[in-house]
Amino acid sequence: MCIGYLKNPSKAIEEFKDKTAVKTMQNSLVMLLLGSIIFALNTVIGLRMIDAMPLEITGPEILVSLLEMGTLNMATGAFFFILLGGLFFGFITKIVMTTLGGDGDYWDGLATISYPVFSVSLGILLAMVSSYVPLIGPVLAFIFVAVFLALGYTSMFRLAKEMFGTGMLEAFIGVTVILGVGLVAIYGGLLTTPEGIMAVIP
């Protein structure tokens, strides 16, 4: 499932849209679960990278607040944040796409979210790992982020179109609305915590 998606995303999505409701549910949940696990791993690696950075780069307040939470707590939080957020945004996707004239259920919405989440999480993981490679590490990290973000965005667009049977314009509008809502929700959530306020307000 994962290998087929990474090797030939277009073919995998074409085959995925024709699966039964049970298969759609299973595949969507597995991909979201994998993405959540990888994001938790990304958190562990990211905290180690932050810990190794000088305070002039990270800022003492942010560094102390992050490290005091503990690696396990942060990784667990990242796992549930992505998992529960993906499940919730599957519902948001269903609302947005059906409002735009599409025809689909919750699992179609979750499929539209779960594959891009997996793609982006894998891209970040590969970028973090490659950043340890001497000399060409930053270049490899840039390539991985660019490729997997592009794959995630185009997959979300294509899945929204195929799973809900809409035209390209409706799919584009739907994906734009969903991503916009996600960014606003994350930003608003950050502003409800002292650490988040310190991070986003100079």
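The values are calculated or read from the model by the stated rules, or taken from the named source; none is laboratory data. The model shown is predicted, which means the values in this text are computed figures rather than measured ones. Using ideal geometry, Cβ is built from the backbone for each residue, glycine included, and neighbour counts are taken over all protein chains shown.
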Checked F91, F79 against criteria (within 21 Å of L41 (Cβ to Cβ), part of a helix (DSSP H, G or I) and either out of contact with any helix residue (DSSP H, G or I) (no Cβ under 7 Å at 6 or more places or on another chain) or not hydroxyl-bearing (S, T, Y) (or both)); the one match is F79
Got a sec? Which of F164, F91, F142 is farther than 20 Å from K7 by Cβ and more than 19 Å from the chain's Cα centre (by Cα)?
-> F164
Number of the exception - G123 against (1) without any contact (Cβ under 8 Å) to a residue 24 or more places away in the chain; (2) crowded, with 20+ Cβ neighbours inside 10 Å | (1)
Quick one: is P138 out of contact with any helix residue (DSSP H, G or I) (no Cβ under 6 Å at 6 or more places or on another chain), modelled with pLDDT under 90 and outside any helix (DSSP H, G or I)?
-> no
For the subset of segment 1-39 comprising residues that are outside any helix (DSSP H, G or I) and not hydroxyl-bearing (S, T, Y), which member is nearest to I82 (Cα to Cα)?
-> M1
Can you tell me which residue in segment 1-24 is surrounded by the fewest Cβ atoms within 10 Å (Cβ to Cβ), limited to those that are over 15 Å from T154 (Cβ atoms), among the aliphatic types (A, V, I, L, M) and under 19 Å from the mean Cα position of the chain (by Cα)?
-> I3
